[in-house]
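Data first, discussion second: the structure below is written as structure tokens.
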Amino acid sequence: MSTKDDLTIRIGGEGGEGIISSGDILTQAATRAGLNVLTFKTFPAEIKGGYAMYQVRLSNEKIISTGDGFNVFVAFNEEAYKVNKKKLTEGTVFVYDGNGTGGFEPGDLPGVVSYAIPMSKIAKEDLGTYRSKNMVALGAIAHLFSISFKSLEEIVTNKFKRKGDDVVSVNIKALHAGKDYVEKELKKKDAIELSSVEAKDDIIVIDGNEAIGLGALLAGCNFFSCYPITPATDVANWLSKFMPKVKGTLIQAEDEIASLGNVLGAAYAGAKAMTATSGPGLSLMSELLGMACMAEIPCVIVDVQRGGPSTGLPTKHEQSDLFLAAHGSHGDASRIVLSCDNVEDCISLTVEAFNLAEKYQAPVILLSDGSLGMRKEGIKRPDISKVKTLERLKYDPSSNGDEPFMRYKITDNWISPMSIPGMEGGAYVATGIEHGETGAPKYTPDNHELMGKKRFEKIKNVEDDLPESKRIGDEQADIGLIAWGSTQGDVTEAVNRARAEGLKVAALFPKLVYPVPVKAIEKFNKTVKKIMVPEINYQGQFADLIKAATGIPVIKYNIYGGFPFTPNEIHNKIKEMI
């Protein structure tokens, strides 16, 4: 038996069969046993259900992408088998619901190690509850591939204990039924066994949406308003549990427009305020984004991107809201746009989003995506003592003397002090109307030019406020890749593989995507012969923004089928380009 340091298990079946909860439990158990984890899941957007899939990659080493496929596929039904049949290649392991009532037989699969386990039969006939089928499968998987059974029992007990001892008992019994079947009825034919690791105490399992919520609280967010939308709703769900504990306010608005209106009102009144949405909601917010710019109100808008346009692909992956985030408003409306890389980054970059919003008194849009938002990772527990937060520049009532408060005063860095309602002498008008320095309406050409310049000049050098964009690879390269968002993990693996083959490759990973980080990109361009931008949208949106801002003729590499890149796809493209 050979041990393995990197194993990917995919579970597929009908929505409602416990596919997603099975994956979550397996992920938690593996993490508790000391393994690193990274997940990917997808499920139907329709209430009627359909094919659902959960994939978890387990390793002793740090994981940065979902990988190229799976080593083990567990099929709860025949539909899941048919969806994944082409990926069952030589060397993979196939576990399926067979040998009994409710099962199926897949036929011959050359080179594939297959295990038929009567999940439905054991659940229905032996345990008397079909709903325990997923627990039977989990018990079997754990025993087959040396995943800590003790950890699995602990997670299942904790998950169901609020429902009573009877519910816990039937689920634990189902785990043992799956394990016992494998132990007594199957002979292990594959060579996959996860090598043992040491459990870690300082690791938490959290998904990207939850991490954004955590980052918001660490940044001092005390007001949140949103309207539910897939795949962003879990940001609100998580905050609804914890916002009251910091004496914050959370409001479910009647729509996305109202949610941003609530945020702007709260921020104007002195709160650190945030909303979370997806592409359709961000579209509706575009007018109020313009007002946030015009009135210079700090706020954070999270966009967990999904496939579009229109209703599009609510539960699938895409990076196609960048144009909307950068330019989605009438008139010249300035804003800052950041993009998260991984789950840990969702925490730290949310803090950064609030800091930039407060410093520049401007809207900051934080881009995540469906894959990252729903992805779980085991990350080191954040050190709260190291979190640094900024506050907006506030008006000093003693500074004016007999002069009126000039909310939009022209300063050397174009940032003006902001009063909070109730401050003596700090009253001003904050509307969407063009204004002079006091906030009173003013429509002269000279004033409009001056105020328009103010709103853009203050964020002109925002690139300097962020850590230098991460660069990997060769100092001088034949090809350089620029990747944003969750694509960065796949690019990193691909670059490492290409360099191991002797190819000269480098990559740059900016977190600031608008205004375009011109300094970092121009510096990178001097060290590579050509630049390729892989992104998950049809138009090559970041590539176009780079071309417009720098004039560099970057090469586009786009996919847009609703799933992330694999490292292998990018690796092959690198070889093709070189």
Exercise for review: Set the Förster radius R0 to 25 Å, insert the Cβ-Cβ distance between GLU501 and LYS87 as r into 1/(1 + (r/R0)^6), and round the FRET efficiency to 0.05.
Suggested key: 0.55
Review point. Taking 0.36 nm per residue of separation and subtracting the Cα-Cα distance, what length does fully extending HIS330 through ASN99 add?
Key: 76.9 nm
Exercise for review: Kindly report, to the nearest 10 Å², the accessible surface of HIS176 as traced by a 1.4 Å probe over protein heavy atoms only.
Suggested key: 60
Practice item. Keeping every protein chain in place, order LYS409, LYS523 by accessible area at 1.4 Å, biggest value first, i.e. largest first. Key: LYS523, LYS409
**Study point:** Solvent exposure ordering (accessible area, 1.4 Å, most first) of TYR227, TYR360
**Key:** TYR227, TYR360
Exercise for review: Could you pull the Rg and Dmax for segment 410-484, using just the Cα atoms, both in Å?
Suggested key: 19.9, 62
Review point. Among LEU282, SER329, CYS340, whose Cα lies farthest out toward the positive end of the dipole of segment 270-340, if unit charges sit on the beta carbon of Lys, Arg (+1) and Asp, Glu (-1)?
Key: CYS340
Point to revise | Principal-axis tilt of helix 208-219 within the chain, Cα atoms, nearest 10 degrees | key: 40
Point to revise | Positive-end extreme of charge dipole, the chain - chosen from THR39, ASN171, PHE223 (charges on Cβ) | key: ASN171
Check your understanding: What whole-number value in Å² describes the accessible area per residue of segment 393-446 for a 1.4 Å probe?
Key -> 61
Study note, to complete from the structure: At q = 0.24, 0.26, 0.28, 0.30 1/Å the base-10 log of I(q)/I(0) from the Debye formula over the alpha-carbon atoms of segment 393-446 is -0.99, -1.12, -1.23, -1.32
Study note, to complete from the structure: Quick tally, 1.4 Å probe accessible area for TRP414, TRP484, sorted with the most first, runs TRP414, TRP484
Practice item. First measure r as the distance between the Cβ atoms of ASP165 and ASP201, then evaluate 1/(1 + (r/R0)^6) with R0 = 45 Å and state the FRET efficiency to the nearest 0.05. Key: 0.95
Check your understanding: If one puts a single equal scatterer on every Cα of segment 6-185 and applies the Debye formula without solvent, what log₁₀ I(q)/I(0) results at q = 0.15 Å⁻¹?
Key -> -0.83
Check your understanding: In nanometres, what is the gap between the two model label sites at SER398 and ILE251, each 7 Å from Cα along Cα-to-Cβ?
Key -> 3.5
Point to revise | Sites VAL429 and GLU391 - FRET efficiency at Förster radius 30 Å, r taken between beta-carbons, to 0.05 | key: 0.85
Check your understanding: If you add up the charges near GLU210, with Lys and Arg at +1 and Asp and Glu at -1, over every other residue whose beta carbon is less than 13 angstrom from its beta carbon, what do you get?
Key -> -2
Review point. So, with +1 on the Cβ of K and R and -1 on the Cβ of D and E, and no other charges, what is the size of the charge dipole of segment 393-446 about its Cα centre, to the nearest 20 debye?
Key: 180
Exercise for review: Could you give the spread of the C-alpha atoms of segment 197-251 along their three principal axes, from largest to smallest, in whole angstroms?
Suggested key: 43, 26, 16
Review point. Looking at the chain from every direction and averaging, what is the projected area of its Cα convex hull in nm²?
Key: 28.5
Exercise for review: Would you mind getting the Kirkwood hydrodynamic radius of segment 205-386 from its Cα pairs, rounded to one decimal in Å?
Suggested key: 15.7
Review point. Can you list the equivalent-ellipsoid semi-axes of segment 467-577, largest first and in whole Å, using the square root of 5 times each Cα gyration tensor eigenvalue?
Key: 19, 17, 12
Exercise for review: Take every DSSP beta bridge whose two residues both sit in the chain, then give the antiparallel share in percent to the nearest 5.
Suggested key: 40
Point to revise | Cβ-placed point charges (K, R +1; D, E -1), dipole of the chain about Cα centre in debye, nearest 20 | key: 700
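The values are calculated or read from the model by the stated rules, or taken from the named source; none is laboratory data. Remember, predicted model here, so these are calculated numbers, not experimental data. Virtual Cβ from ideal backbone geometry, glycine too; neighbours counted across all protein chains shown. Just so you know, the surface numbers come from the protein's heavy atoms only, side chains and all, with ligands and any DNA or RNA stripped out. Shrake-Rupley method; radii C 1.70, N 1.55, O 1.52, S 1.80 Å.
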